[in-house]
Amino acid sequence: MTIPHTAVSARATSTTHGGASIQLITGRDHPERDSSTSVAKALALLSSFTPQHLTMGVSEIARRAQLPKSTAHRLLSVLVEWEMVTKHGTEYSPGGRLNELAALAAQPATQDLRRVALPHLLDLYEMTHETVNLCVLAGDDVLYVEKIHGHSCVNSPARVGARLPAANTAVGKALLAFSTAGVIARAADNLRPATSSSIASPAQLAHELAAIRRTGIAYDRQETRPGLTCIAAPIHSWSGSIVAAVSISGPVRRFQPANATAAIRVAAAGIAKLAQEASWQRHLGR
């Protein structure tokens, strides 16, 4: 899947974690799509919801979708009727019907991946009591397909079904490092730093991906969210192609990623083995 390049309007603020001042870069992405039809406008309304904006009033939704308030109100009424959006008083949130459609959209390979990975994800959680993620690549974003929340975890934009810029995350960099040159080039051309620690240049990205290829381990050093650190390992198919990535994340004050290197390698290898067996069984059953 190819994710269209986006134009980002960003502003910078500063925050302090562990004595270090880290710049947090915030903004909104607006894909350049044809928005002239009612369907496109309705999709723009639905796309205005994000993990950070799950409940909003009509004015905010209209602003984020770049639509007149009257148009947003009219289309939201239709989406509510179809249970795509739920209305709570004067505010709206994603509706239950979207969960049903999301389940239908899941590919068999992804369903198999989640099923076979879960025991290994639980093992990592039991060993660390930190947050564990399973992700796949979607264009130059990383898509979170499974997540187990840790104890007293740092607030993170990473949620099941959420997408984040791959170059900002440990799982994303683990996936990019073993992707094709074209995928890496698109990610390098569309860097969207989230903090002052995020990768901000193609040269920096290339240097880090080269290191990941040598070690088989990727890190997020407060690049997604200040105060959050992460370690990840790629999951390969039998042919060597990249399938997914698994990660452990936690607060910098408590979690030492390097201490989890052996565990993340074992989990990635175990998931790869079971995913390949599930793939064979699926093909044999046809």
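Place +1 on the Cβ of every Lys and Arg and -1 on the Cβ of every Asp and Glu in segment 78-195, take the dipole about the Cα centre, and give the residue among Leu79, His151, Ala174 whose Cα lies farthest towards its positive end.
It is Ala174, whose Cα lies furthest towards the positive end.
Any aspartates and glutamates with Cα under 16 Å of the Lys69 Cα? List them, leaving off those in the same chain fewer than 8 positions away.
Glu60, Glu91
About its Cα centre, how strong a charge dipole does segment 54-161 have in debye, to the nearest 20, once Lys and Arg get +1 and Asp and Glu get -1 at the Cβ? Provide the component values of the computation, followed by the final result.
On the way: 10 positive and 12 negative charges, 102 e Å.
Dipole magnitude for segment 54-161 comes out near 480 debye.
Separation of segment 232-269 and segment 166-200 by C-alpha centroid, Å?
Using only Cα atoms, the two centres lie 17 Å from each other.
Dipole size in debye (nearest 20) for segment 178-286 around its Cα centre, Lys and Arg Cβ +1, Asp and Glu Cβ -1?
Working: 12 positive and 5 negative charges, 38 e Å.
It works out to roughly 180 debye.
Using only alpha carbons, build the gyration tensor for segment 181-228 and give me the equivalent ellipsoid semi-axes, biggest first, whole Å.
Details: eigenvalues 65, 45, 12 Å².
Listed largest to smallest, the semi-axes of segment 181-228 are 18, 15, 8 Å.
Compute the distribution of all C-alpha to C-alpha distances in segment 135-203, in bins of 10 Å from 0, and list the percent of pairs in each, rounded to whole numbers.
21, 52, 24, 4
Using the heavy atoms of the protein chains and a 1.4 angstrom probe, tell me the accessible area per residue for segment 175-232 in square angstrom.
Working: 2270 Å² over 58 residues.
On a per-residue basis, segment 175-232 sits at 39 Å².
Using only Cα atoms, figure out Rg for segment 134-286 and give it as a multiple of 2.2 N^0.38 Å.
Details: Rg = 15.1 Å, N = 153, 2.2 N^0.38 = 14.9 Å.
Here the answer is 1.01, to two decimals.
List the lysines whose Cα sits under 28 Å from the Cα of Lys273, skipping any in the same chain fewer than 8 residues away.
Lys147, Lys173
Could you quote the convex hull projected area for segment 205-270, Cα atoms only and averaged over all directions, in nm²? Walk me through the numbers before you get to the answer.
On the way: hull surface 19.1 nm².
That works out to 4.8 nm².
Distance from a point 7 Å along Cα→Cβ of Ala258 to each backbone N in segment 207-228: keep the residues under 14 Å and list them by number.
219
Compute the whole-percent fraction of alpha carbon pairs in segment 86-212 spaced more than 25 Å apart. Before the final figure, lay out each step's value.
Numbers: 2937 of 8001 pairs.
Pairs farther apart than 25 Å: 37 percent.
The values are calculated or read from the model by the stated rules, or taken from the named source; none is laboratory data. The model shown is predicted, which means the values in this text are computed figures rather than measured ones. Positions of Cβ are backbone-derived with ideal geometry, glycine not excepted, and every protein chain shown enters the neighbour counts. We work out accessible area using only protein heavy atoms, side chains counted, and drop any ligands, DNA or RNA first. Shrake-Rupley method; radii C 1.70, N 1.55, O 1.52, S 1.80 Å.
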